[in-house]
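Following: one structure in structure tokens, then a few remarks.
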Amino acid sequence: MKAHLLAIAILGFVINSVAQDFTGKAVYKTNRKSGFKIGGDSNMSEAQKQELEERFQKMNQKTFILEFDKTTSSYKEEDKLNAPNPQANMGGVQIISVFGGGGSGSLYFKNLKEKRFVSKTEIMGKTFLIKDSIPNYQWQLTSETKNIGNYTCYKAMFSAEVENMMMTVENGETKQTKKSETITTTAWYTPQIPISNGPTIYHGLPGLILEINDGKTTIVCTEIVLNPSEKITISEPDKGKIVTQGEFDKIREEKNKELMERFQSRDGKGIEIKIGG
């Protein structure tokens with residue numbers, strides 16, 4: 001364990017010199033557990049309910065590209081040609097990809113040197129630029145290792161208390177329930193790529209994060225290209241309504257509530273929809 005920590009300390013001193021002109025691209029596959037459930041008495045068959053729930057789950061399986069240099073990075077969904085519109089209309093219920101923001105133009109930009117991020121995201125056709133300080137994670141480093149592709153990775157963890165919201169619509173009435181719980185996030189990083197960065201919001205380890213799991217979302221790196229022949233240019237997004245993370249969370253909550261209120265049964269029998277997390 002001491003030898004491992006010493007190696008990390010030494011690595012911290014050499015990162016700046018090794019990574020002066022260091023650039024790269026990493027491909028990540030993400031899979032988020034969907035908390036979307038349909039219950040109650042409605043005009044939807046069990047097969048329709050299952051198909052709708054499966055579509056929601058599929059919407060949470062995506063491919064992202066992380067482009068990085070020494071101090072900055074951009075993380076965005078892989079461009080796809082002729083991507084289907086993520087909507088479904090079954091039994092009088094329309095599902096739109098809105099919960100939690102997103103959109104094909106979404107991008108997460110980090111500036112590690114200035115300790116800030118800019119997240120470009122979209123809700124119901126409106127673009128937001130979330131500008132705030134990057135989170136400061138209290139990582140616990142371990143000596144446990146495993147291989148991901150050709151890279152030796154070390155395990156690191158941190159725990160944090162988060163507030164999850166459960167939204168339900170039953171007989172036309174929207175209800176919200178908030179519950180606090182402690183979540184442990186596990187990361188696997190490789191010192192072989194001396195960049196203190198990773199996918200989406202994660203960073204702060206002495207090497208690139210190749211895998212991370214917070215109990216609901218799993219993100220795994222499937223491909224890495226270092227110092228590619230095609231020059232990487234990392235640009236900070238600049239179009240959208242500027243808000244802080246806290247302001248955006250409130251907007252998202254209101255939009256989710258607004259959309260949930262649309263899920264009312266037309267036959268009066270009542271439909272119950274639950275979305276957790």
Worksheet item: Across region 102-153, what is the number of residues that are over 21 Å from residue 247 (Cα atoms) and open to solvent by 60 Å² or more (accessible area, probe 1.4 Å)?
Response: 12
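Among the residues of region 154-175, which ones are open to solvent by 70 Å² or more (accessible area, probe 1.4 Å) and either modelled with pLDDT of 80 or more or part of a strand (DSSP E or B) (or both)?
Filtering region 154-175 down to residues open to solvent by 70 Å² or more (accessible area, probe 1.4 Å) leaves 159, 161, 163, 166, 170-171, 173, 175.
Within region 154-175, 159, 161, 163, 166, 170, 173, 175 meet the criteria.
State all residues of region 107-152 that are among the hydrophobic types (A, V, I, L, M, F, W, C) and either more than 17 Å from the chain's Cα centre (by Cα) or at positive phi (or both); if no residue qualifies, say none. Spell out how you get there, then give the answer.
Filtering region 107-152 down to residues among the hydrophobic types (A, V, I, L, M, F, W, C) leaves 107, 109, 112, 117-118, 123-124, 128-130, 134, 139, 141, 148.
Within region 107-152, 112, 124, 139, 141, 148 qualify.
Looking only at region 197-235, which residues are assigned to a loop (DSSP other than H, G, I, E, B), within 20 Å of residue 107 (Cβ to Cβ) and in contact with a strand residue (DSSP E or B) (Cβ under 8 Å, 6 or more places away or on another chain)? I'd like the intermediate steps shown before the answer.
From region 197-235, those assigned to a loop (DSSP other than H, G, I, E, B) are 198-202, 204-207, 214-216, 227-235; that's our starting set.
When the remaining residues are screened for being within 20 Å of residue 107 (Cβ to Cβ), the result is 198-202, 228, 230-235.
Within region 197-235, 198, 199, 200, 201, 202, 228, 232, 234, 235 meet the criteria.
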Worksheet item: Are any residues in region 24-77 crowded, with 17+ Cβ neighbours inside 10 Å, modelled with pLDDT under 90 and of a type in the set (A, V, I, L, M, F, W, C), and if so, which ones?
Response: 36, 38, 44, 52, 56, 59
Practice prompt. Please state which of the following conditions residue 222 fails to meet, knowing it meets all the rest: (1) at pLDDT 90 or above; (2) open to solvent by 60 Å² or more (accessible area, probe 1.4 Å); (3) within 28 Å of residue 116 (Cβ to Cβ).
Written response: (3)
Discussion item. List pairs: first residue in region 127-150 and in contact (Cβ under 8 Å) with a residue 12 or more places away in the chain, second residue β-branched (Val, Ile, Thr) and open to solvent by 70 Å² or more (accessible area, probe 1.4 Å) anywhere in the structure, Cβ distance under 9 angstrom, at least six positions apart or on different chains.
Written reply: 128/242; 129/242; 130/242; 131/242; 149/222
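The values are calculated or read from the model by the stated rules, or taken from the named source; none is laboratory data. The structure presented is a predicted model; accordingly, all values stated were derived computationally and were not measured. Every residue, glycine among them, receives a Cβ derived from its backbone with ideal geometry; neighbour counts consider all protein chains shown. Accessible surface is based on the protein model in full, side chains and every heavy atom, while ligands, DNA and RNA are left aside. Shrake-Rupley method; radii C 1.70, N 1.55, O 1.52, S 1.80 Å.
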